[in-house]
1. Can you say whether GLU212 is without any contact (Cβ under 8 Å) to a residue 24 or more places away in the chain, open to solvent by 40 Å² or more (accessible area, probe 1.4 Å), outside the structural domain of GLU397 (by TED's automatic domain parsing) and within 16 Å of ligand 1 (Cβ to nearest atom), as far as the supplied structure shows?
2. Which residue pairs have Cβ atoms closer than 8 Å, lie 6 or more positions apart in sequence or on different chains, and pair a first residue in region 30-48 that is open to solvent by 20 Å² or more (accessible area, probe 1.4 Å) with a second residue that is part of a loop (DSSP other than H, G, I, E, B)?
3. State yes or no: is GLU263 open to solvent by 10 Å² or more (accessible area, probe 1.4 Å), more than 16 Å from ligand 1 (Cβ to nearest atom), assigned by TED's automatic domain parsing to the domain that holds ARG199 and modelled with pLDDT of 95 or more?
4. Within region 132-152, how many residues are assigned to a strand (DSSP E or B) and within 14 Å of ligand 2 (Cβ to nearest atom)?
5. Output yes when any residue across region 103-115 is assigned to a strand (DSSP E or B) and surrounded by fewer than 24 Cβ atoms within 10 Å (Cβ to Cβ), and no when none is.
6. Confirm whether ALA31 is small (Gly, Ala, Ser), within 25 Å of the chain's Cα centre (by Cα) and within 26 Å of GLN251 (Cβ to Cβ).
7. So which residues in region 1-23 are open to solvent by less than 50 Å² (accessible area, probe 1.4 Å) and either away from ligand 1 (no atom under 16 Å from the Cβ) or of a type in the set (A, V, I, L, M, F, W, C) (or both), if there are any at all?
8. Which ones in region 278-324 are within 30 Å of ASN178 (Cα to Cα), more than 16 Å from ligand 2 (Cβ to nearest atom) and in a loop (DSSP other than H, G, I, E, B)?
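The values are calculated or read from the model by the stated rules, or taken from the named source; none is laboratory data. No experiment lies behind these values; they were computed from the predicted model shown. Here the Cβ is made from the backbone with ideal geometry for all residues, glycine too, and neighbour counts use every protein chain on show. For the accessible areas, the whole protein counts, side chains as well, though only heavy atoms, and no ligand, DNA or RNA atoms are used. Shrake-Rupley method; radii C 1.70, N 1.55, O 1.52, S 1.80 Å.
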Amino acid sequence: MRVDTDDFGRPCRCGREHHVDVKEIVIEAGAADALEEAMAEGYLKEYISPLLICDTNTYQATEELLEEIYDRCQVLVLDAEGLHADNYAVEIVENNMEDDIDLILAVGGGTIHDISRYVASQYRIPFVSVPTAASVDGFVSTVAAMTWDGLKKTVPAAAPLAVFADTRIFAKAPGRLNASGVSDLFGKYICLADWKISRLLTGEYYCEYVTELEEKALRTVKSCLRDIAQGDEDSCENLMYALILSGLAMQMVGNSRPASCAEHHLSHLWEMEVINPHLDALHGEKVSVGTMVVLEEYKKIAHAIRKGRCHVVPWQGLETELLEETFGKKGILEGILKENEPELLEKVDPSRLEEALEDIADIIDDLPEEREMEHMLEKAGCCRTLGDIGLKEEIREKSLALAPYVRRRLSLLRIRKMLKIEGESV
Ligand SMILES: [Zn+2]
Ligand SMILES: [Zn+2]
């Protein structure tokens, strides 16, 4: 399929004129040929000295199909073993950046894209995305998720000029990678609910059109989970489209609001390693576990609201002791406090929250039941439990308490700090 990006960049009923930077998106068997054509005689012809960045795995997976493209480019193959989007990888690329390089081709997954996006934006040259697996929703992202000397940083960078996703390549990606893409996508259930709740309570900007686009993409992927797990080409194409759409949604809104909230906050928390050891899990794998943990909590809250057991209490202030004993130990307390300034919950009026409780319960009721979500994730071969990614069950409560402090974005998980739930939920 070819995505007409003009469809997304137009005046919208939300009152904004959305803007999308990506010029062309091709998701089909044969996208590699379309790329070759664009380089040989199309709009990419003007770039005479392209650098192709891949890793040892993605090189192997694309060597044959992209043969002519490899011939056209200077090629840099990074070692896939222990590859991260960090200063070490950037240094290797920079050492290979000759003066005349005028275009970067990212051939790989999320990490290769982050490295390429970062370097391209440092050198102020465009980059073209060639995803080799439907593993994350960040291919068309406008930020690079980097690690500098062990610290996670989100660095502003440019969106790709174009995306060429060849189904013959990504449908054959290792199952774990495409399952991870399903996981990243299913996190949207939670973050869209968080967005709706936040609009309800604070009047935060919200776009119905963007939400509808994402919900439609979720429904499509939901209908072909087993086929994705089996590498069926049409189904994997649906997944790739949904992931790219989620990236476009971020461009349309100008930040990651439509694609990341409480579920991603858990994943980011675990990546910070303040209450857990290093996890050997992919981004999506942490997100689907975060999604399950948050979903269970949200369903509990909705249940308590329906039973009249959920009451609003005024915000009690930052949990300084908890923050000190966790983030403080790692020397990142100051960064966390700065991130949370000014406090989001100050904008939440307790009486308005009290009035909105039933509406919040409605939004949560619209989410899949825990069993259904588990079943869907299972069908696609995704991680579901804390144990699946090497975490202990004891970490659940602390994760729920700390995750909202990781990013300054209003979620029901954060609002939970103004909710008192009586008795055990049955
Ligand atoms: Zn809109
Ligand atoms: Zn994600």
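1. Values: without any contact (Cβ under 8 Å) to a residue 24 or more places away in the chain: yes; open to solvent by 40 Å² or more (accessible area, probe 1.4 Å): yes; outside the structural domain of GLU397 (by TED's automatic domain parsing): yes; within 16 Å of ligand 1 (Cβ to nearest atom): yes.
Against the criterion (without any contact (Cβ under 8 Å) to a residue 24 or more places away in the chain, open to solvent by 40 Å² or more (accessible area, probe 1.4 Å), outside the structural domain of GLU397 (by TED's automatic domain parsing) and within 16 Å of ligand 1 (Cβ to nearest atom)), GLU212 qualifies.
2. Short answer, once both residue conditions are applied: TYR43/LYS23; TYR47/ASP102; TYR47/PRO126; ILE48/ASP100; ILE48/ASP102.
3. On the way: open to solvent by 10 Å² or more (accessible area, probe 1.4 Å): no; more than 16 Å from ligand 1 (Cβ to nearest atom): yes; assigned by TED's automatic domain parsing to the domain that holds ARG199: yes; modelled with pLDDT of 95 or more: yes.
Considered against the rule, which asks whether it is open to solvent by 10 Å² or more (accessible area, probe 1.4 Å), more than 16 Å from ligand 1 (Cβ to nearest atom), assigned by TED's automatic domain parsing to the domain that holds ARG199 and modelled with pLDDT of 95 or more, GLU263 comes out as no.
4. Filtering region 132-152 down to residues assigned to a strand (DSSP E or B) leaves 143-148, 151-152.
Subsequent filtering for residues that are within 14 Å of ligand 2 (Cβ to nearest atom) retains 143-145, 152.
The total comes to 4.
5. Residues of region 103-115 that are assigned to a strand (DSSP E or B), as a first pass: 103-108.
From what's left, surrounded by fewer than 24 Cβ atoms within 10 Å (Cβ to Cβ): 103.
Yes - at least one qualifying residue is present in region 103-115.
6. Working: small (Gly, Ala, Ser): yes; within 25 Å of the chain's Cα centre (by Cα): yes; within 26 Å of GLN251 (Cβ to Cβ): yes.
Yes; evaluated as a whole, the condition is true for this residue.
7. Here is the first cut: in region 1-23, the ones open to solvent by less than 50 Å² (accessible area, probe 1.4 Å) are 3, 5, 8-9, 12, 14, 18, 20, 22.
Passing the criteria: VAL3, PHE8, CYS12, CYS14, VAL20, VAL22.
8. Selection gives HIS278, ASP280.
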